[in-house]
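Chemist: So that we are looking at the same thing, I have put the structure below in structure tokens.
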Amino acid sequence: MNPLTALTAEELIAWNDTTATRWHAFFSANPAALALPCDIHDAHTVAHFLQHIVAAQLRHAQRLAAIPIDDYDTVPGATPDEFLASHNRAVTLLRSLLADPTSDWAGQMEFNTLTAGRRRSSRRTLLFHAMLHGIRHYAQLATLVRQAGYTPNIPGDYLLMDAHPA
């Protein structure tokens, strides 16, 4: 595999981190948007949906780090600051695992999911899922708040992580 054409876990985490930071700023400036109705993943409001995004991310990071996993419903994430704090906890765990040369990313692990039951996958798959899950939901979130009249002005495309005006 050519390293110049492969997206690394570090790059994916950076994209997710940049996106989460931008959403934090958006909701800090537009707190009323947190009360918008939301039907994605059984969330009733945007605030609940944000909590879902970071709860999944944090719980997967905890699984990978082999530390106790927070109960889904108790992961803070319904306010902009709670959301960013839970996101930062997850990213810190993931970055520490990536920095550890003894991490076995090909190793298999079993875990319970909220929607798909007991699963088995490589640690690498779980890592990438934790990041892509959030990116996918951030795109849904952008559509939802735009339809409610907000202009999030948050680039969701990976291209803008490294593209500059010519």
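Chemist: For segment 1-47, what are the residues that are of a type in the set (D, E) and surrounded by 14 or more Cβ atoms within 10 Å (Cβ to Cβ)?
Modeler: Initially, segment 1-47 is screened for residues of a type in the set (D, E), giving 10-11, 17, 39, 42.
Passing the criteria: E11, D17.
Chemist: Six or more apart or on different chains, Cβ atoms under 6 Å: show the pairs whose first residue is in segment 44-58 and under 14 Å from D70 (Cβ atoms) and modelled with pLDDT under 95 and whose second is of a type in the set (S, T, Y) and assigned to a helix (DSSP H, G or I).
Modeler: If the second residue must be of a type in the set (S, T, Y) and assigned to a helix (DSSP H, G or I), no pairs are left.
Chemist: Does segment 90-110 include one or more residues that are more than 16 Å from the chain's Cα centre (by Cα), surrounded by 15 or more Cβ atoms within 10 Å (Cβ to Cβ) and of a type in the set (K, R)?
Modeler: No: zero hits.
Chemist: Right, here's the next one. Does A85 satisfy being out of contact with any helix residue (DSSP H, G or I) (no Cβ under 7 Å at 6 or more places or on another chain) and either in a helix (DSSP H, G or I) or over 15 Å from Q140 (Cβ atoms) (or both)? Reasoning before the result, please.
Modeler: Values: out of contact with any helix residue (DSSP H, G or I) (no Cβ under 7 Å at 6 or more places or on another chain): yes; either in a helix (DSSP H, G or I) or over 15 Å from Q140 (Cβ atoms) (or both): yes.
When the stated conditions are applied, A85 passes them.
Chemist: Go through segment 113-142 and count every residue that is exposed (fewer than 11 other Cβ atoms within 10 Å of the Cβ) and polar (S, T, N, Q).
Modeler: So the answer is 1.
Chemist: Restricting the first residue to segment 79-93 and requiring it to be of a type outside the set (F, W, Y), which pairs with a second residue that is surrounded by fewer than 22 Cβ atoms within 10 Å (Cβ to Cβ) and not in a helix (DSSP H, G or I) meet a Cβ separation below 7 Å and a spacing of at least six or different chains?
Modeler: The qualifying pairs are E82/P76; A85/P76; S86/P76.
Chemist: Continuing with the same structure: So which pairs qualify, if the first residue must be in segment 98-126 and farther than 18 Å from D71 by Cα, the second must be basic (K, R) and in a loop (DSSP other than H, G, I, E, B), the Cβ gap must be under 8 Å, and the two must be at least 6 apart or on different chains?
Modeler: none
Chemist: Please determine whether any residue of segment 127-144 is of a type outside the set (A, V, I, L, M), under 14 Å from T18 (Cα atoms), assigned to a helix (DSSP H, G or I) and in contact with a Ser or Thr (Cβ under 6 Å, 6 or more places away or on another chain).
Modeler: yes
The values are calculated or read from the model by the stated rules, or taken from the named source; none is laboratory data. What you see is a predicted model; the values in this text were computed from it and never measured. Neighbour counts are summed over all protein chains in view; Cβ atoms, including those assigned to glycine, are modelled from backbone coordinates with ideal geometry.
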